[in-house]
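Before any comments, here is the structure.
The values are calculated or read from the model by the stated rules, or taken from the named source; none is laboratory data. Just so you know, these numbers come straight off a predicted model, no measurement behind them. So basically every Cβ, Gly included, is an ideal-geometry build from the backbone, and we count neighbours across all protein chains shown.
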Amino acid sequence: SLRDSAKDEL
Amino acid sequence: MNVFRLTGDLSHLAAIIILLLKIWKSRSCAGISGKSQILFAIVFTTRYLDLLTSFISLYNTSMKLIYVGCAYATVYLIYVKFRATYDGNHDSFRVEFLIVPVGGLAVLINHSFAPLEILWTFSIYLESVAILPQLFMISKTGEAETITTHYLFCLGLYRALYLFNWVWRFYFEGFFDMIAIVAGLVQTVLYCDFFYLYVTKVLKGKKLSLPA
């Protein structure tokens with residue numbers, strides 16, 4: 001989801 | 001991954017290493033706010049719990065472990081090993097005035113009410129204000145060691161570069177995370193005063209002293 005792709009940031 | 005996020009991460013890593021080496025080599029944490037370092041340790045702990053639940057990449061995992069490790073090592077050096085050099089009198093910012101509102105905001109404004117998500121949101125909000133005790137301490141002592149200003153410059157630059165990363169990701173990937181962006185803007189704005197002093201003084205070889 002949109003959120004998951006944010007999680008690849010530190 | 002894009003150039004802004006990579007240079008942002010490297011700038012963040014540089015800041016963390018500069019601070020750790022400064023304290024270790026000078027065997028002193030004079031002028032360093034232990035409270036800000038505790039807040040950063042909390043930021044990384046609450047944000048990187050997903051190290052236990054998901055693997056994204058070797059880069060992602062190794063950087064997170066380095067950040068968390070260095071954060072706790074720095075707190076240890078300040079409050080245990082070199083505690084005699086800790087300037088508690090000037091490190092007097094009331095962090096509860098940060099943690100309580102940030103905690104409340106994370107419960108009210110988030111992307112979903114899952115525990116890890118609330119903790120991630122708390123971490124994002126807390127990081128945006130975590131440097132305040134350090135900036136407050138510098139305003140109280142009226143000066144900062146040059147190495148400390150380099151640490152703060154790299155730390156402030158990292159989130160500014162992340163803002164460009166989010167512009168890049170919105171334009172090329174249609175991705176944006178309003179919570180991270182707004183918090184990142186607040187975080188970067190808090191450094192503006194320092195950035196001005198850094199560029200006009202430190203880069204000209206002068207010592208950073210207040211009032212400007």
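Taking helices (runs of 4 or more DSSP H) as the structural unit, those lying wholly within the stretch B:100-212 and holding at least 2 residues that are in contact with a Leu (Cβ under 7 Å, 6 or more places away or on another chain), among the hydrophobic types (A, V, I, L, M, F, W, C) and within 14 Å of chain A (Cβ to nearest Cβ) correspond to B:115-129. Would you be able to say whether some residue in the stretch B:24-33 is more than 12 Å from the chain's Cα centre (by Cα) and farther than 30 Å from B:Ala84 by Cα? Checked against the condition, which is being more than 12 Å from the chain's Cα centre (by Cα) and farther than 30 Å from B:Ala84 by Cα, the stretch B:24-33 yields no hits at all.
Apart from one condition, B:Thr53 fits all of (1) in contact (Cβ under 8 Å) with a residue 24 or more places away in the chain; (2) farther than 28 Å from B:Thr148 by Cβ; (3) away from chain A (no Cβ under 14 Å); the exception is (3). Looking only at residues in the stretch B:29-55 that are surrounded by fewer than 18 Cβ atoms within 10 Å (Cβ to Cβ) and more than 30 Å from B:Val167 (Cβ to Cβ), the one that is modelled with the highest pLDDT is B:Ala30.
Among residues of the stretch B:139-167 that are surrounded by fewer than 21 Cβ atoms within 10 Å (Cβ to Cβ), those with a beta-carbon under 8 Å from a residue that is among the acidic types (Asp, Glu) at least six positions away or on a different chain give the pairs B:Thr141/B:Asp87.
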